[in-house]
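Trainee: The structure that follows is given in the form of structure tokens.
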Amino acid sequence: MARRARSAPKTGWLLAGLFLLLLLIGAGGYFFGSSGTPYRATPEFPVEEYLATSTTLRGNTYRLTGSVLNSIAWSSDQGRLISVQPQNSDSPIPIVVPAHLGETNIQKGQKFHFLVEVRDGGVLYAAELTKS
Amino acid sequence: MKARILALLLLVAHAASGQNNFNFIAPSSGEAKPEESMPSAEAGEEAAPTSGQAGSTGKKTSNPTIGGIEIPVFDPANDSVTWNGQLWQVDNNRVFRARFEKYLNAPATEIEAQAAYDKVVSRIMNLLAAGNISNRNLDEAFRLLPQAASHSEDANLCDAIANQVLGAWQSKRQVARLDAANQSLEDDRKRHEWNTRLSAQNSALDNAPKDTVAAAEWAKQRELERTARMQPHAQRLTEVNALLTANRAKSELSALQARIEFQTLLVQLFFQRRFRHVLIGSRFYRSIFDDGDNQIRLGEESKSLFSKISEIPPTVTSLDALASEAIRDVREGVEAVEFLLQKDELQSASQRLGESFAVGEHLPEIQQFPRADRQRILEFTRRANQLLSALEVKDYTRAEQLVNELQETAKDFDPSQPLTAVQTARNVSRMHLARARNAALGGDAETLERELRAATEIWPNNPDLANVSGQIFEQTDVQQQALLELDRLMEQGDHRAIFRQNAKFIAATALHPDRQEKLGKILAQMGEIEGALQRAREIQQRGDAFGAWESIQIASVKYPEDTEINRLRADLASGGAATFVQSLNKGGDLEARGEYGAALAWYLDAHRQYPPSQFAQERIDALAVRILPGSSPATAQ
């Protein structure tokens, strides 16, 4: 009887502490995590609009976050053409990663933040990219 | 002997009744050619034609003539007669058959009327028989002649005999008168001869003077007196002699003319096969002209023919003998017919009766032949004639039927000859039909026509002819229609319809190389299309709608007009492969507009949906090169 009366206050404290800790982590993630996403000032790439008519987007710059699906083509001087699965769409999007950005290893399945420009022919060129 | 008699009969029939009335026989076929068949009769060696058919070839010689009319010449080797440049089959021609049938079908009343006539003729013949001949019987027989002539069956021939007998008697009386006149003239001639002789003698009472000059003058005077006395007697003698010579000639001429007229009548009667009339006439002749001169005075040519055929000199007696022989022969023939009928041997009975009828049509044995027996022979003869007609017109079906019927009727009927003809015609006709059928299959119109014509000529009523012709024409029609349909479908580009009926079109174009080549290409394409369809359906059945669409899409690019491909392609595009096709189509549209980036995105989406897609991969590779010129595929997709 005596032993059961001593352990009850101790468990309650532990549970309360754990809840507080989770609360702190969540709040930290909210306030500090968002601030980690690059190109936040650039508008999100409009996947559906692009797929419907890309000419209206020509000359614009967007940020796009997605996973690398495949490397389609490669040229030593012009760079690499890859397909990316956007974070908010199932449609793969082709992005040209110029050669000067080639220092970054790009592999299938890696998630990147891209700053893309819509050029002639509606072709997306990565102006910058950041591994997520 | 019968052949010789028949030959004489034929000769008579023509000579007596004239060319227009010669209706005993007729050409057995219209194919008879006058210039081809004229066997020699005069030679006695029958230049027999090589066959018994009319129109067969023979030695071209002229028949003998009587009074400028050609005489028919019988060829006993093949029962044929040459006359008027044609060959006549005695017992196998339409006119003879018709006449024989008419005889067989004579009504009972006609037979009864014939019996009354036969009774009178028999009475006349009995009165004139060798044992009964007398002036009284001769007169009695002469009186019965008009009675016999009153029967229509006699055809007034007894009247002709009576007239001839009367004429002969008158001629004989004329000769008797001439003989009496000649006797008187003879007496006159003798008297004038006597007077002439007496006038020629000098008178014994008056002597000549002694003076030489006076004596010469006296002799001259006497000579003048003697001549004056003789002159009337000598002139009358000359006249009497001339009258005697003229009367003798007149008498001889009158007798000869009477003989010739009588003989001509007898010969005519013989040639008309009126044998009893020949006997009656010859017996009257012998009683009138009883000087033993019975020689028939025919022309040398006819006399020669007569003697060569009968092998006896042409006399009234030999004519009598031949007529008697003919009567006997007919009688025996009829007896043979009766015997054959008892044995149901109708074919032989029919032939024997036909022969006897040909010789003794007017004899009582033939005319009184029982009607029931005639009907039996008529039934057989009619069928036999129908058989001949059926064979003539090449109706072999009917001929075979008649052969079977004849076999049942007549025990002695030999079916081998007609059946052989029927079977031969059938075989040859079938052979031609088979050739015609092959020609039709091979498209040989010329041979087809020739063989069909040959088959038709051999057996016009061949039931197979109509069937085969119908099949050939139907086949030809179908073939033509198939070609027209093929041309139409080719023009419409409906290759699938052509493919569905490929067997028909392959057969139809077998003889048309140009069409055959086009058809071959079409069928090869359709084979390819059908293969693609088959593959697409199999892939679809495995649940791979995208793969099925891609398979059929490849075929549709090559064959965009094929309805089946388009239908399956549409079904897949709107069904299981809708999103995949939509991605490809949108990629294609954007690519066409130069929006390569978005186009590539759609191709990538299609590839995402169906990674094995060839279409998507092709376009991805193509656009990758366009976006990154000189690039190479980075990795295997």
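Read the figures in this text as sums done on the coordinates, not as results from a lab. Because the structure is predicted, anything quoted here is derived from the model rather than measured. Glycine gets a Cβ as well: all are built from the backbone with ideal geometry, and neighbour counts include every protein chain shown.
Trainee: Going by how many other beta carbons lie within 10 Å of each one, how would you line up B:395, B:211, fewest first?
Mentor: Fewest-to-most Cβ neighbours within 10 Å comes out as B:211, B:395.
Trainee: Using alpha carbon centroids, what distance separates region A:99-127 and region B:499-562, in Å?
Mentor: 47
Trainee: Further question on the same structure: What does the charge count around residue B:422 come to, taking other residues whose C-beta lies under 12 Å from its C-beta (Lys +1, Arg +1, Asp -1, Glu -1)?
Mentor: My count for the surroundings of residue B:422 gives +1.
Trainee: Peptides B:364-373, B:190-199: what's the order by average Cβ count within 10 Å, highest mean first?
Mentor: Sorting B:364-373, B:190-199 by mean packing, highest first, produces B:364-373, B:190-199.
Trainee: Here's another thing I want to ask about it. Would you mind checking the pairs B:190/B:210; B:190/B:250; B:518/B:586; B:558/B:586; B:102/B:343 and listing those with alpha carbons more than 31 angstrom apart?
Mentor: With Cα atoms farther than 31 Å apart: B:190/B:210; B:518/B:586.
Trainee: Near residue A:121, within a Cβ-to-Cβ distance under 12 Å, what is the net charge of the other residues, with Lys and Arg +1 and Asp and Glu -1?
Mentor: Working: positive: A:58, A:119, B:593, B:626; negative: A:120, B:591, B:595.
Local net charge: +1.
Trainee: Within a 10 angstrom radius of the beta carbon, how do B:264, B:563, B:397 rank from fewest other beta carbons to most? Working shown, then result.
Mentor: Numbers: B:264 18, B:563 11, B:397 14.
Least crowded to most crowded, the residues run B:563, B:397, B:264.
Trainee: So what are the ³J(HN,Hα) numbers for region B:535-550, from phi and the Karplus equation (6.51, -1.76, 1.60; θ = phi - 60°), rounded to whole Hz, Gly and Pro as x?
Mentor: Residue by residue, region B:535-550 yields 4, 4, 5, 5, 5, 4, 5, 7, x, 9, 5, 4, x, 4, 4, 4 Hz.
Trainee: Work out, step by step, the length gained on full extension between residue B:467 and residue B:105: first 0.36 nm times the residue separation, then minus their alpha carbon distance; give nm to one decimal.
Mentor: Details: separation 362, 0.36 × 362 = 130.32 nm, distance 4.13 nm.
Stretched fully, the residue B:467-residue B:105 segment lengthens by 126.2 nm.
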